[in-house]
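First the structure, then my questions, so here it is.
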């Protein structure tokens, strides 16, 4: 069945007039569009040519921060106890990958241990600034480094390079006193902002590390150095196509720190402790120099530089002898017999006669029985110091009270 036409023309002239009207309207619309297009092009190419030329130049070149080598830490004789070493690593640039999950799958076939950290890696890569390389694995062996480079064409957005990583050549000997470096956390950035300061841009670089404990933390600002930058040419998608060497700025290494510690004494002190728990501080009494400051048992701070595996960290944290605790500074211990002269001095400042005798029968009762080192009989202060008599100094301490002792202790620097 044939369908009837929707529009009927009574004569040929009417049909021709309708066609001309449509042609006129269509042609007018095209003419207006052309005029608008030409006008916009004229505005972009002539009126705003200089402005957009500047923007294009800025988009063509990008300045990318380069972390500086961290300053060296040496002992009193110039032995490096915290330095830097070359390290092969593999990085991923999210915006240059076609499919991040597929890229990590392929990378996992080459580096199986990256699969264990897959969830963490995805979080770090997605949180990184655009076109910023994120380290996926550090300390690659030469075989791993070669394997990644061999398959580079199959791994868009993946690159392998060499950088400098923090290194502690004596391992646990300095783990507490020197500390270690670690990745910048959200809490670190928040702490800076809470002080009313603006966090340096280098803190947001995924490969940057800051001091987390000990000397590394206390002198972190000096040890950081000054960040450099590479001026690179990028394409329309932001991918690097060339480097402008003349416009790049080399990083400046951090300041060198010289400690009073003696490497031989420090290592020997840790060796003597073995696996026993405790701490040791060796001081030069002539000038107050700290020659050794050891906490035992210790741990290898090199594990923390790239990120310690959770299983190893949990094992260290749960070990009953507390290797993560700095017992030299953070431990709470009874002061021992070396504190007895402070008690005697506090008493003498308040009228105690050092010739006054106290009878020691071998124990002292204060809520419970405290044993002495022997039965010393009647002792004056000189004899009590010589015999290290607990009964004598406990008697003195209870007579004058803790506030008097604390006041004298503070005056002596405790």
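Each reported figure results from applying straightforward, stated rules to the coordinates on display, with no laboratory input. Being a predicted model, the structure only gives us computed values, none of them experimental. Cβ sites come from the backbone with ideal geometry, for glycine too, and all protein chains shown count toward neighbours.
Between residue 192 and residue 314, what FRET efficiency follows from the Cβ-Cβ distance if R0 is 41 Å, with the result rounded to 0.05?
0.90
Evaluate the distance, in nm, between pseudo-label points positioned 7 Å from the Cα of residue 154 and of residue 375 along their respective Cα→Cβ axes.
Modelled inter-label distance: 8.7 nm.
Specify which labelled value, from [x] 107, 48, 36; [y] 79, 51, 41; [z] 143, 55, 47, agrees with Cα extents along the principal axes in Å derived from the coordinates of the model shown.
[z]
Taking the Cα atoms of the stretch 266-335 alone, what are Rg (to one decimal) and Dmax (as a whole number) in Å?
Rg then Dmax for the stretch 266-335, in Å: 13.8, 45.
Separate question: Of 151, 176, how do they rank once you tally other Cβ atoms within 10 Å and put the fewest first?
151, 176
Separate question: Could you tell me the calculated FRET efficiency between residue 412 and residue 256, based on Cβ-Cβ distance and R0 = 22 angstrom, to the nearest 0.05?
After rounding to 0.05, the efficiency reads 0.05.
Same structure, new question: Calculate, in nm to one decimal, what residue 325 and residue 338 gain on full extension: separation in residues at 0.36 nm each, minus their alpha carbon distance.
2.3 nm
Over the stretch 337-411, what per residue volume does the convex hull of the Cα atoms give, in whole Å³?
Per-residue hull volume (Cα only) is 81 Å³.
Could you sort 351-361, 187-197 so that the peptide with the highest average Cβ count within 10 Å comes first and the rest follow in order?
So the peptides 351-361, 187-197, ranked by packing, come out 351-361, 187-197.
To the nearest 10 degrees, how steeply does helix 118-127 sit against the main Cα axis of the chain, on a 0 to 90 scale?
70
If the label point is 7 Å along Cα→Cβ of residue 80, which residues in the stretch 132-164 have backbone nitrogen under 16 Å from it?
In the stretch 132-164, the label zone of residue 80 (backbone N under 16 Å from the point 7 Å along Cα→Cβ) covers 163-164.
Next question, about the same structure. Determine the gain in length on full extension of the stretch residue 203-residue 282; use 0.36 nm per residue of separation and subtract their C-alpha separation, reporting nm with one decimal.
24.8 nm
Mind ranking 397-403, 208-214 by how tightly packed they are, going by the mean number of other C-beta atoms within 10 angstrom, highest first?
Final packing ranking: 208-214, 397-403.
Taking the mean number of other Cβ atoms within 10 Å as a proxy for protection, how do you rank 113-122, 250-259 from highest to lowest?
Highest-to-lowest ranking by the protection proxy: 250-259, 113-122.
A follow-up question, please. How much mean residue ellipticity at 222 nm does the chain get from its helices, if each DSSP H run of length 4 or more adds -39500 (n - 2.57) and you divide by all residues, to the nearest 500 deg cm²/dmol?
That comes out to -11000 deg cm²/dmol.
Return one number: the angle in degrees, 0 to 90 and rounded to the nearest 10, between the long axis of the Cα atoms of helix 12-42 and the longest principal axis of the Cα atoms of the chain.
Helix 12-42 and the main axis of the chain meet at about 40 degrees.
For the chain, find the longest principal axis of its Cα atoms and tell me its angle to the long axis of helix 263-273, 0 to 90°, nearest 10.
Orientation of helix 263-273: about 70 degrees from the principal axis.
Another one. At 0.36 nm per residue, and after removing the present C-alpha to C-alpha distance, how many nm does the segment from residue 109 to residue 217 gain when stretched out fully?
Here the answer is 35.1 nm.
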